[in-house]
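Note sheet for the following structure.
Values in this text are rule-based calculations from the coordinates and carry no lab data. These numbers come from a predicted model, not from an experiment. Here the Cβ is made from the backbone with ideal geometry for all residues, glycine too, and neighbour counts use every protein chain on show.
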Amino acid sequence: MSFAGIDCVLCGQRPSLPRGERTQSLWSPEDDFLGASLTTEDPLVGTTIPVCLRCSGALAERFEHAAKFAVEGLRKGELRLRPPLARAFVLWVLKTWLLTAHPAAQVSDPRSSPARFDLSEVPQEIYGWMVEEKPPPAGLSIWATRGAEAATNGSPLYRIALPTVTADGRTTRFQELAFRLDLLDGGLLDVELVYHPGWEIEHPLERDARAARLWPRDGRRVLDLGALPVLEAHELSWGRGPRLLFAPRSYHGEQREPLSAKTSFSFFPPFPPGVTAVFAPGD
Ligand SMILES: [Zn+2]
């Protein structure tokens, strides 16, 4: 696997390093690389993306170095993060999960095939901010739950359907990426990244303090992951909802109920406020 001849996916201006860059590099030592390939079965550690030398340095400085102390503490079981460490940690998670969701990401273990975002329906601007000293764009949320080692895979209690929104000439598919983060002595953290611009989500587990919202969050607050209970089963699943066509200028600014496990979309009127038609997913 080589990224030679491919452009950097972050700046789009320079060629990628032949081996690219890992989506996270805090606990993946240099000797994991065999030539240009990573040798690990961990799909998070073993994921690389086409990134140029300059953007690789920017990622290391802004995210990896900043979060190192926080992540090392979490891996020792220190789950209560003071505000500066909490800020560094959640930005590192946002960066790492977004890069892992990038369609150009390559995983070293051929047996694992994680889901990626479909960028034809997600604007590229959710990536450029990382190397441009800009804040993250709106529309991204991250939740974390603590999971048991052998969490059962029965049917989840809650399901949230993520629609595709067509409004004012733009079609945006809401998407989600879930990955488990092994914090060693800190236990297992199940982290969900969701892209849902312009429409709030009510997370059923956040409501009863069994999930923590990592992003966006008030950076002046302590983040205590140790306060979360360990869940024995996956209680929430995300599904693909229908495509909703909005009347001109009615999507942004419109007050609407947050998406939740109670939201159900019907192909027949009455439609939600501002919606003029509902199509099957993919139509
Ligand atoms: Zn670059």
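Which condition breaks for Leu74 when tested against (1) away from the ligand (no atom under 16 Å from the Cβ); (2) more than 30 Å from Gly226 (Cα to Cα); (3) in a helix (DSSP H, G or I)?
Against the list (1) away from the ligand (no atom under 16 Å from the Cβ); (2) more than 30 Å from Gly226 (Cα to Cα); (3) in a helix (DSSP H, G or I), Leu74 comes up short only on (2).
Any residue that is free of Cβ contacts under 8 Å to residues at least 60 places away in the same chain, crowded, with 16+ Cβ neighbours inside 10 Å and of a type in the set (Gly, Ala, Ser) - is there at least one of those in segment 82-99?
yes
Kindly list the number of the only condition in (1) among the hydroxyl-bearing types (Ser, Thr, Tyr); (2) in a helix (DSSP H, G or I); (3) away from the ligand (no atom under 14 Å from the Cβ) that fails for Ser141.
Failing condition for Ser141: (2).
Name the pairs whose Cβ atoms lie under 6 Å apart, with the first residue in segment 47-61 and in contact (Cβ under 8 Å) with a residue 60 or more places away in the chain, the second within 9 Å of the ligand (Cβ to nearest atom), and 6 or more positions between them or separate chains?
Sorted first by the residue in segment 47-61, then by its partner, the pairs are Cys55/Cys8; Cys55/Leu10; Cys55/Cys11; Cys55/Val131; Ala58/Val131.
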